[in-house]
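A short write-up of the structure that comes next.
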Amino acid sequence: QDIDDVGHKYCLELELEDVLDKGRTVSCTAEVLYHLGSSSCAPDVQVTVQGELRSTEGADEEFYNRIRSLEKELVAENIPDSHGNVPPELEPIHLLAWVASGYVSWQNSTENTQFHLAQVKHVKQVKRNDEDLQFDFVLLLHEMVSQEVLPWQVTLLWHPQRGARVSQ
Amino acid sequence: LQVDLWQPSSPFHMVRGTVADVRVPRDTTRSLLPYLQQANIPYTILISDLQQAIENQTGGRSHRNRRSLSGYDYEVYHSLEEIEDWMHYLNRTYSDLVHMFSVGKSYEGRPLYVLKLGKRSRPYKKAVWIDCGIHAREWIGPAFCQWFVKEALQTYQTDPDMRRMLTQLYFYIMPVFNVDGYHFSWTNDRFWRKTRSKNMRFHCHGVDANRNWKVKWCDEGASLHPCDDTYCGPFPESEPEVKAVAHFLRKHRKQIKAYLSFHAYAQMLLYPYSYKYATIPNFNCVESAAYNAVNALQSAYGVRYRYGPASSTLYVSSGSSMDWAYKNGIPYAFAFELRDTGHFGFLLPETLIKPTCTETMLAVKNITLHLLKKCH
């Protein structure tokens, strides 16, 4: 849908698949508005999820407590490694990195880009005084059209109940 | 007398009455042990042959180098050296079916090896060309080329389709097209894509080997900037790797009936054109071959591939090997984009090599058998 003087609006029907529970799908609809002269401004996105997302409360609490009880801040790099391996204990970090990469993709998307997280180059946990977990990421994002793989720095805050937020 | 101190960490920590561990080369023991005896320093030999102890411990890893078809591990990624050793081994051991040769040298001087597979059953046989690893970081490509060869050698006696394929056709397999880039992705930058040629004016290296072919060169979908990942090069066939393979394919253009190039990732089976939105003359044949191949692939594990002309299915790009092969008279020109669709992307885990290769084999066999049925 072309909206004069504003931009291009796309109405999408999507099926989400749970990466950790393949075969489990949820439908959702989305409206994406790419603004004219787009490169300065992230597209507007509205999403409605039809149905329920699986509860991850138990795993969330376990991960949260494990990280909180670490003596030294977590530091890791190259997730997955060159051969595609992810140590099981770093899998939740990998998933949080996906969330962070979603933010970066959204902020930088135009009608001519397609981003994927190529690798978590580096992640460092930063201890906080409040209840959030903080992870400073260097993410490598692969852009399909230009084929470039470029690093992006993102700081992600996460809490089992409050969810994930990108810190500016 | 020099020793390698293993314990304590420094001579300053050596104190009377405590234990010190040292490592010496074998010849040094002839002087060290008498010295210790004379000085009344008691000693015990903990490891009498360190090399042997190391080999025993890393025995699990030596499968990478073991020199037998059944010993070579096709479910791990192999370095360039390992792949070359493997080719040499097959060339020696399966000389009735395999002939290894070189089409030229890479920018950094490495040989560009190709395996010619097939029974020498009749004087003139048509051929299929398969290359993998045009883009360095797409490791699943070379993994598939190796898998294909393995399947061919292991099953041609028991599988009637494979027997037909190797009897009626030759297969030219180039397991690693971009040898310099592949090596670089192992040693320096896992996400390297291009070749490793040096640029005169900029500090950037390399040309996109799939934008360097002489077909609508450097038009849309390629970059003139040397630092970009889709850099088309200073001129067509500027890259020795591209020039060498183009020369070979030109020379054998009457013989070669199919060109298959393996890339990652997107899960697609693509045919010409990449450089424009237009229908190829033999669309009906190629499209039905693609349709059947994708269905065959899906029959293995349910994995869905999209298929169609590259320009509308993936993106517009110019100077690609597939378009060039087609323009040069090869009726079936395909580019595969193997697994996955972005979850692991280039870092496809080794555990997924087997399913990816197994399903892809079905597609390749399907295309080959379609080719033999003479719809061109």
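Tabulated results
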{"read-out": "Using alpha-carbon coordinates, inclination of helix A:91-108 to the longest axis of chain A, degrees", "value": "30"}
{"read-out": "Cα pair distances of the protein assembly as shown binned at 10 Å [whole percent]", "value": "3, 15, 23, 22, 17, 11, 6, 2, 1, 0"}
{"read-out": "Average accessible surface area per residue within the protein assembly as shown, 1.4 Å rolling probe, Å²", "value": "50"}
{"read-out": "Residue with peak Gaussian network fluctuation, chain B [Cα springs, cutoff 10 Å], from B:ILE134, B:ILE256, B:ILE41", "value": "B:ILE41"}
{"read-out": "Cut-off of 10 Å, at most 14 other beta carbons, DSSP loop: longest stretch of chain B lacking such chymotrypsin sites (Phe, Trp or Tyr not before Pro)", "value": "B:278-376"}
{"read-out": "Heavy-atom accessible surface of the stretch B:4-45: percent carbon and sulfur, 1.4 Å", "value": "55"}
{"read-out": "Rounded if a/c under 1.5, otherwise prolate or oblate - the stretch B:4-45, Cα gyration tensor axes", "value": "oblate"}
{"read-out": "Percent carbon-and-sulfur accessible area, chain A, ignoring ligands, DNA and RNA, probe 1.4 Å", "value": "48"}
{"read-out": "Cα point-scatterer Debye curve for the stretch A:2-50, base-10 log of I(q)/I(0) at q = 0.29 Å⁻¹", "value": "-1.00"}
{"read-out": "Shape call, the stretch B:101-237: gyration tensor on alpha carbons, a/c limit 1.5", "value": "prolate"}
{"read-out": "Residues losing 30 Å² or more accessible surface upon assembly, the stretch A:84-131, compared with the chain by itself, 1.4 Å", "value": "A:GLY84, A:TRP98, A:HIS116, A:ALA118"}
{"read-out": "B:LYS354, B:LYS243, B:LYS150, ranked by accessible area, largest first (probe 1.4 Å)", "value": "B:LYS243, B:LYS354, B:LYS150"}
{"read-out": "Heavy-atom SASA rank of B:GLU220, B:GLU239, B:GLU81, B:GLU151 (probe 1.4 Å, accessible area, largest first)", "value": "B:GLU220, B:GLU81, B:GLU151, B:GLU239"}
{"read-out": "Largest to smallest accessible area among A:VAL120, B:VAL303 [probe 1.4 Å]", "value": "B:VAL303, A:VAL120"}
{"read-out": "At least 40 Å² accessible surface lost relative to isolated chain, residues of the stretch B:167-202 (1.4 Å probe)", "value": "B:PHE191"}
{"read-out": "Estimated vicinal HN-Hα couplings, Hz - the stretch A:43-59 in sequence order (Karplus 6.51, -1.76, 1.60; Gly, Pro = x)", "value": "x, 7, 10, 10, 10, 10, 9, 9, x, 10, 8, 4, 6, 10, 3, x, 5"}
{"read-out": "Descending principal axes extents, the stretch A:38-168, alpha-carbon based, whole Å", "value": "44, 37, 27"}
{"read-out": "Interface burial for B against A (accessible surface, 1.4 Å probe, total of both chains, Å², rounded to 100)", "value": "1800"}
{"read-out": "Chain B: radius of gyration over Cα atoms, expressed as a fraction of 2.2 N^0.38 Å", "value": "1.23"}
{"read-out": "Set B:LYS216/B:LYS243; A:LYS72/A:LYS127; B:LYS216/B:LYS276; B:LYS198/B:LYS251; B:LYS198/B:LYS243; B:LYS150/B:LYS243 screened for pairs whose C-alpha atoms are more than 18 Å apart", "value": "B:LYS198/B:LYS251; B:LYS150/B:LYS243"}
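The values are calculated or read from the model by the stated rules, or taken from the named source; none is laboratory data. For clarity, every value in this text was computed on a predicted model and none was experimentally measured. Using ideal geometry, Cβ is built from the backbone for each residue, glycine included, and neighbour counts are taken over all protein chains shown. With ligands, DNA and RNA removed, areas are computed over all heavy atoms of the protein, side chains included. Shrake-Rupley method; radii C 1.70, N 1.55, O 1.52, S 1.80 Å.
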